[in-house]
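J.: The structure's right below; bear with me while I get my questions together.
The values are calculated or read from the model by the stated rules, or taken from the named source; none is laboratory data. Just so we're clear, the structure is a prediction, and the values are computed from it rather than from any experiment. Every residue, glycine among them, receives a Cβ derived from its backbone with ideal geometry; neighbour counts consider all protein chains shown. With ligands, DNA and RNA removed, areas are computed over all heavy atoms of the protein, side chains included. Shrake-Rupley method; radii C 1.70, N 1.55, O 1.52, S 1.80 Å.
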Amino acid sequence: GTLKISEIDTRKWYEYLSISFVSSKITVYLPEGEDGDLRVDASTADGEICADLTFDSIGVTVSTGDVTCLASAYEDATIETSTGDITVSGITAESLELTASTGDITVNGASVQGGVSVEVTTGSTEIVDLDCGKFSADARYR
């Protein structure tokens, strides 16, 4: 019941010495119906989760890259980036947790039954049209 996708880079060290603007792209199409849990762990990647999907829960962790989440969750939605922006738009969830060490967080239209937690170390936060039961934010520059 688990789909795992990985990209294995088999280039030699000397193949990194050229200039290249080509990047990999992976698109995953899911069948209609129950989508279960979504878990994404990536080192260097940008990701977009489409609006037409609803998962039991969403958990995204990216070291370097931007994450856009338009999908909803019946339970919790957690998105964390070390270096990158987080954009959440038009979603519903039981709880929402957004963490960016170096990057911006944007929430545009979200309905969260429980709590919303936003944490930014170096970056800005913009929140528009948020309906939630509880809200906490921690924005600081270290």
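J.: Say whether the condition of being without any contact (Cβ under 8 Å) to a residue 40 or more places away in the chain, aromatic (F, W, Y) and closer than 24 Å to K25 by Cβ is met by at least one residue in region 60-82.
T.: Of all residues in region 60-82, those without any contact (Cβ under 8 Å) to a residue 40 or more places away in the chain come to 60-82.
Checking the rest, the ones that are also aromatic (F, W, Y) come to 74.
Imposing the further condition that a residue be closer than 24 Å to K25 by Cβ reduces the set to none.
Checking region 60-82: not a single residue is without any contact (Cβ under 8 Å) to a residue 40 or more places away in the chain, aromatic (F, W, Y) and closer than 24 Å to K25 by Cβ.
J.: Right, A51: in a loop (DSSP other than H, G, I, E, B), in contact (Cβ under 8 Å) with a residue 12 or more places away in the chain and open to solvent by less than 70 Å² (accessible area, probe 1.4 Å) or not?
T.: Working: in a loop (DSSP other than H, G, I, E, B): yes; in contact (Cβ under 8 Å) with a residue 12 or more places away in the chain: yes; open to solvent by less than 70 Å² (accessible area, probe 1.4 Å): yes.
Yes, satisfied.
Each row is one residue, and each column tells you yes or no for (1) open to solvent by 40 Å² or more (accessible area, probe 1.4 Å); (2) over 19 Å from I58 (Cα atoms); (3) in contact (Cβ under 8 Å) with a residue 12 or more places away in the chain; (4) aromatic (F, W, Y).
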position	(1), (2), (3), (4)
T99	no, no, yes, no
G103	no, yes, yes, no
T106	yes, no, yes, no
G115	no, no, yes, no
L130	yes, no, yes, no
D138	yes, yes, yes, no
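J.: Let me ask another. Restricting attention to region 98-116, which residues are within 20 Å of A45 (Cα to Cα) and assigned to a strand (DSSP E or B)? It would help to see each step written out before you state the result.
T.: Filtering region 98-116 down to residues within 20 Å of A45 (Cα to Cα) leaves 98-106.
Selection gives L98, T99, A100, S101, T102, I105, T106.
J.: Let me ask you something else. Residues being over 20 Å from N108 (Cβ atoms) and either aromatic (F, W, Y) or modelled with pLDDT under 95 (or both): count how many of those fall in region 60-81. Explain how you work it out, then say what you get.
T.: Of region 60-81, the ones over 20 Å from N108 (Cβ atoms) are 61, 63-64, 74-75.
When the remaining residues are screened for being either aromatic (F, W, Y) or modelled with pLDDT under 95 (or both), the result is 61, 63-64, 74.
So the answer is 4.
J.: Does region 117-124 include one or more residues that are in a loop (DSSP other than H, G, I, E, B) and more than 16 Å from T68 (Cβ to Cβ)? Break it down into steps so the answer makes sense when it comes.
T.: Our first condition is that a residue be in a loop (DSSP other than H, G, I, E, B); within region 117-124, this holds for 123-124.
Applying the additional criterion that residues be more than 16 Å from T68 (Cβ to Cβ) yields 124.
Yes, region 117-124 contains at least one residue that is in a loop (DSSP other than H, G, I, E, B) and more than 16 Å from T68 (Cβ to Cβ).
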